[in-house]
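Everything below concerns the one structure shown next.
None of the figures in this text is laboratory data; all of them are computed from the coordinates on show. Bear in mind that the values here come from a model prediction, so they are computed numbers and not experimental data. Because the Cβ atoms are built from the backbone with ideal geometry, glycine has one as well, and the counts that use them run over all protein chains shown.
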Amino acid sequence: MQIWYRVSDLDQARDFYVGLLGFSEVYRDDDDRWLRLAKDEVELQVAEEESVGDPEGEAVVTLVVDDVKAEGERLRAAGVDVGVVLEIPGTIRLLDINDPDGNRVQLSEDV
């Protein structure tokens, strides 16, 4: 499966995914303006286009983190659009964040 997010600024998206979320840049195509990024078992392609975001909310990258609440606080302090922690007691915590173009990324923590 490949996940593609459309973004307005490739360098800004790279800073968000690599700098804030810890992805690694696997490949960069400056001619066609896209990146392949990876973190753990997640692979994400990011392409610079005029039409950005995912208005239907159909594409979601989920990242497993050690502490959803701490990650949310860290990202909020960095100016990221951070939602509200949803917890199913004794099971899981989830938190939605948005990249600069409104693409949804979900953070997940087993509890």
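Label-to-label distance for Asp81 and Asp15 is 1.7 nm, based on points extended 7 Å past Cα in the beta-carbon direction.
Other residues whose C-beta falls under 10 angstrom from the C-beta of Val18 contribute a net charge of 0, scoring Lys and Arg +1 and Asp and Glu -1. Label-to-label distance, Ile3 versus Asp30, with points set 7 angstrom from Cα along the beta-carbon direction: 2.8 nm.
Once the Cα-Cα distance is subtracted from the 0.36 nm per residue extended length, the Glu43 to Ser108 segment shows a gain of 21.7 nm.
For the chain, the longest principal axis of the C-alpha atoms and the axis of helix 68-77 are separated by about 50°. Estimated from helical segments only, the mean residue ellipticity of the chain at 222 nm is -3500 deg cm²/dmol, where each DSSP H run of four or more residues counts as -39500 (n - 2.57). Count Lys and Arg as plus one, Asp and Glu as minus one, and take only other residues whose Cβ is under 11 Å from that of Glu109; the net charge is then -3. Each label point was placed 7 Å from the Cα along the Cα-to-Cβ direction; for Arg74 and Thr91 their separation is 2.7 nm.
Expressed to the nearest 5 percent, the antiparallel share of DSSP beta bridges inside the chain is 70 percent.
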